[in-house]
Amino acid sequence: MTTLALDAEALYKELLRGVRGLCQADTRLVGITSGGAWLAQRLQRDLGLSGEAGQVSSVMHRDDFAQRGLSAGGQTQLPFEVDGADILVLDDVLYTGRTIRAVLNELFDYGRPARVQLAVLVDRGGRQLPVQADFAAARVALPESQSLALARDDAGAFSFQVEDKA
(Lines give C-alpha, C1' and ligand atoms only; values in the text may rest on other atoms or scores of the structure.)
Protein backbone atom coordinates (compact mmCIF):
# COMPACT_ATOMS: atom_id res chain seq x y z
CA MET A 1 0.00 0.00 0.00
CA THR A 2 1.24 3.46 -0.93
CA THR A 3 1.30 6.10 1.78
CA LEU A 4 0.56 9.60 0.60
CA ALA A 5 1.13 12.53 2.93
CA LEU A 6 -0.62 15.67 1.76
CA ASP A 7 -1.22 18.67 4.01
CA ALA A 8 -4.70 19.76 2.92
CA GLU A 9 -4.52 23.01 4.89
CA ALA A 10 -1.21 24.00 3.26
CA LEU A 11 -2.67 23.14 -0.15
CA TYR A 12 -5.75 25.22 0.65
CA LYS A 13 -3.47 28.25 1.23
CA GLU A 14 -1.90 27.61 -2.18
CA LEU A 15 -5.38 27.29 -3.73
CA LEU A 16 -6.39 30.60 -2.13
CA ARG A 17 -3.33 32.26 -3.69
CA GLY A 18 -4.08 30.76 -7.11
CA VAL A 19 -7.78 31.60 -7.02
CA ARG A 20 -6.97 35.24 -6.23
CA GLY A 21 -5.15 35.32 -9.56
CA LEU A 22 -8.10 33.83 -11.46
CA CYS A 23 -10.87 35.94 -9.93
CA GLN A 24 -12.15 39.18 -11.37
CA ALA A 25 -14.45 41.60 -9.55
CA ASP A 26 -17.57 39.77 -10.76
CA THR A 27 -16.35 36.15 -10.58
CA ARG A 28 -18.81 33.75 -8.94
CA LEU A 29 -17.50 30.70 -7.07
CA VAL A 30 -19.22 27.35 -7.58
CA GLY A 31 -18.11 24.25 -5.71
CA ILE A 32 -18.76 20.68 -6.79
CA THR A 33 -20.56 18.64 -4.14
CA SER A 34 -19.17 17.99 -1.55
CA GLY A 35 -15.43 18.71 -1.27
CA GLY A 36 -15.52 21.44 -3.90
CA ALA A 37 -18.52 23.05 -2.19
CA TRP A 38 -16.57 23.17 1.10
CA LEU A 39 -13.68 24.83 -0.72
CA ALA A 40 -15.97 27.37 -2.41
CA GLN A 41 -17.65 28.32 0.87
CA ARG A 42 -14.35 28.88 2.64
CA LEU A 43 -12.81 30.74 -0.32
CA GLN A 44 -15.88 32.98 -0.55
CA ARG A 45 -15.27 34.01 3.07
CA ASP A 46 -11.46 34.20 2.89
CA LEU A 47 -11.52 36.28 -0.31
CA GLY A 48 -14.11 38.64 1.21
CA LEU A 49 -16.52 38.12 -1.69
CA SER A 50 -20.10 39.30 -1.28
CA GLY A 51 -23.02 36.91 -1.55
CA GLU A 52 -22.85 33.15 -1.33
CA ALA A 53 -20.87 30.59 -3.26
CA GLY A 54 -22.87 28.26 -5.45
CA GLN A 55 -22.92 24.49 -5.26
CA VAL A 56 -23.30 22.17 -8.21
CA SER A 57 -24.04 18.46 -8.32
CA SER A 58 -22.88 16.24 -11.16
CA VAL A 59 -25.23 13.38 -10.37
CA MET A 60 -27.94 13.98 -13.00
CA HIS A 61 -25.46 14.26 -15.88
CA ARG A 62 -23.02 11.47 -15.01
CA ASP A 63 -22.36 8.93 -17.74
CA ASP A 64 -22.33 6.21 -15.06
CA PHE A 65 -25.66 7.21 -13.48
CA ALA A 66 -27.11 3.75 -14.07
CA GLN A 67 -24.37 2.18 -11.93
CA ARG A 68 -24.10 4.91 -9.27
CA GLY A 69 -27.66 6.15 -8.95
CA LEU A 70 -28.46 9.19 -6.82
CA SER A 71 -25.80 10.01 -4.28
CA ALA A 72 -26.38 11.46 -0.84
CA GLY A 73 -24.59 14.66 -1.88
CA GLY A 74 -26.24 18.03 -2.08
CA GLN A 75 -28.28 19.40 -4.92
CA THR A 76 -27.32 22.23 -7.24
CA GLN A 77 -27.85 25.65 -5.68
CA LEU A 78 -26.81 28.68 -7.72
CA PRO A 79 -27.69 31.92 -5.86
CA PHE A 80 -26.95 34.07 -8.89
CA GLU A 81 -27.84 34.38 -12.57
CA VAL A 82 -25.75 31.98 -14.65
CA ASP A 83 -26.34 33.75 -17.98
CA GLY A 84 -23.32 35.92 -18.71
CA ALA A 85 -21.59 35.06 -15.41
CA ASP A 86 -17.86 34.60 -14.94
CA ILE A 87 -17.77 31.30 -13.02
CA LEU A 88 -14.92 29.61 -11.21
CA VAL A 89 -15.70 25.94 -10.55
CA LEU A 90 -13.87 24.41 -7.58
CA ASP A 91 -13.23 20.75 -6.86
CA ASP A 92 -11.13 18.84 -4.38
CA VAL A 93 -9.63 16.22 -6.71
CA LEU A 94 -9.45 16.21 -10.51
CA TYR A 95 -9.10 12.68 -11.86
CA THR A 96 -10.78 11.33 -15.02
CA GLY A 97 -12.54 14.56 -16.04
CA ARG A 98 -15.96 12.88 -16.12
CA THR A 99 -17.30 14.78 -13.10
CA ILE A 100 -16.24 18.09 -14.67
CA ARG A 101 -18.01 17.19 -17.93
CA ALA A 102 -21.18 16.42 -15.98
CA VAL A 103 -20.89 19.65 -13.98
CA LEU A 104 -20.56 21.72 -17.15
CA ASN A 105 -23.73 20.11 -18.48
CA GLU A 106 -25.50 20.93 -15.21
CA LEU A 107 -24.31 24.57 -15.28
CA PHE A 108 -25.55 25.01 -18.85
CA ASP A 109 -28.97 23.72 -17.77
CA TYR A 110 -29.17 26.97 -15.75
CA GLY A 111 -27.91 29.33 -18.45
CA ARG A 112 -24.95 30.28 -20.61
CA PRO A 113 -22.00 31.60 -18.60
CA ALA A 114 -19.63 34.08 -20.21
CA ARG A 115 -16.66 32.05 -18.95
CA VAL A 116 -16.02 28.97 -16.82
CA GLN A 117 -12.66 28.27 -15.21
CA LEU A 118 -11.62 25.33 -13.04
CA ALA A 119 -9.44 25.33 -9.91
CA VAL A 120 -8.69 22.18 -7.92
CA LEU A 121 -6.87 21.32 -4.74
CA VAL A 122 -5.23 18.22 -6.26
CA ASP A 123 -4.81 17.01 -9.85
CA ARG A 124 -4.07 13.30 -9.71
CA GLY A 125 -3.80 12.75 -13.47
CA GLY A 126 -5.50 9.76 -15.09
CA ARG A 127 -7.65 11.79 -17.46
CA GLN A 128 -10.19 10.03 -19.66
CA LEU A 129 -11.53 13.27 -21.15
CA PRO A 130 -9.71 16.40 -22.37
CA VAL A 131 -10.22 18.41 -19.18
CA GLN A 132 -7.53 20.57 -17.61
CA ALA A 133 -7.62 22.74 -14.48
CA ASP A 134 -6.71 26.42 -14.83
CA PHE A 135 -5.09 26.08 -11.41
CA ALA A 136 -4.12 23.06 -9.29
CA ALA A 137 -2.56 23.51 -5.84
CA ALA A 138 -0.77 20.15 -6.23
CA ARG A 139 -0.25 17.37 -8.74
CA VAL A 140 0.17 13.84 -7.42
CA ALA A 141 0.29 10.35 -8.87
CA LEU A 142 -1.86 7.65 -7.29
CA PRO A 143 -2.49 4.11 -8.46
CA GLU A 144 -5.89 3.48 -10.02
CA SER A 145 -6.64 1.19 -7.07
CA GLN A 146 -6.74 4.16 -4.67
CA SER A 147 -9.16 7.01 -4.20
CA LEU A 148 -8.38 10.44 -2.78
CA ALA A 149 -11.04 12.59 -1.15
CA LEU A 150 -11.15 15.74 0.91
CA ALA A 151 -12.50 15.49 4.45
CA ARG A 152 -13.57 18.32 6.77
CA ASP A 153 -13.71 18.15 10.55
CA ASP A 154 -16.25 19.90 12.81
CA ALA A 155 -13.99 22.96 13.06
CA GLY A 156 -13.81 23.23 9.24
CA ALA A 157 -10.19 22.05 8.92
CA PHE A 158 -9.38 20.06 5.79
CA SER A 159 -7.56 16.73 5.50
CA PHE A 160 -7.27 14.02 2.86
CA GLN A 161 -8.50 10.45 2.95
CA VAL A 162 -6.68 7.94 0.77
CA GLU A 163 -8.52 4.65 0.44
CA ASP A 164 -8.00 1.43 -1.45
CA LYS A 165 -10.90 0.75 -3.80
CA ALA A 166 -12.68 -2.51 -3.22
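The values are calculated or read from the model by the stated rules, or taken from the named source; none is laboratory data. Given the structure is predicted, the values throughout are model-derived calculations rather than measurements. Glycine gets a Cβ as well: all are built from the backbone with ideal geometry, and neighbour counts include every protein chain shown. Side chains included, ligands, DNA and RNA excluded: accessible areas come from the protein's heavy atoms. Shrake-Rupley method; radii C 1.70, N 1.55, O 1.52, S 1.80 Å.
Numerical summary
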{"item": "Residue that is most open to solvent (accessible area, probe 1.4 Å), among those in region 83-125 that are among the β-branched types (Val, Ile, Thr) and in a helix (DSSP H, G or I)", "result": "99"}
{"item": "Candidates 49, 6, filtered to the one that is open to solvent by 40 Å² or more (accessible area, probe 1.4 Å), more than 17 Å from residue 133 (Cα to Cα) and touching a Phe, Trp or Tyr at 6+ places or on another chain (Cβ under 6 Å)", "result": "6"}
{"item": "So residue 55, is it within 12 Å of the chain's Cα centre (by Cα) and either of a type outside the set (Lys, Arg) or modelled with pLDDT of 95 or more (or both)", "result": "yes"}
{"item": "Pairs, first under 21 Å from residue 18 (Cα atoms) and at pLDDT 90 or above in region 137-166, second assigned to a strand (DSSP E or B) and of a type in the set (Asp, Glu), C-beta under 6 Å, six or more apart", "result": "139/123; 150/92"}
{"item": "Residues of region 90-104 classified as of a type in the set (A, V, I, L, M) and over 8 Å from the mean Cα position of the chain (by Cα), total", "result": "4"}
